[in-house]
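Right, one structure below, let's go through it.
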Amino acid sequence: MNIGQLQELKQKLTNKADLSNIWLFYMDHFADHAEFTDLGEPAYNEYLDGVIQKTCNLYLAPGNSNVNSMTKCQVSEALNIL
């Protein structure tokens, strides 16, 4: 992983409004690189967890309490099936 590209990604996230170009840059330089993805760790975000909960209840399993225990990766995989 090129640390310069990480700085470039941070700059793009801060200064650019077009998310499609940011997404493409991320996918090209970071998404499939274990040295980048291994740096991450689970994090809690109240807003994001609320959005995920509503999305899961709406599209995956209305009324299913097991949705609360799904990880974001499991939700992503389930939504890709739809």
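Of the conditions (1) modelled with pLDDT under 70; (2) assigned to a helix (DSSP H, G or I); (3) of a type outside the set (S, T, Y), N57 fails just one. Which one is it?
So the condition that N57 fails would be (1).
Considering Q74, Q11, which residue is outside any loop (DSSP other than H, G, I, E, B), modelled with pLDDT of 85 or more and polar (S, T, N, Q)?
Q11
The values are calculated or read from the model by the stated rules, or taken from the named source; none is laboratory data. This one's a predicted model, so the numbers in the text were calculated from it and none came from an experiment.
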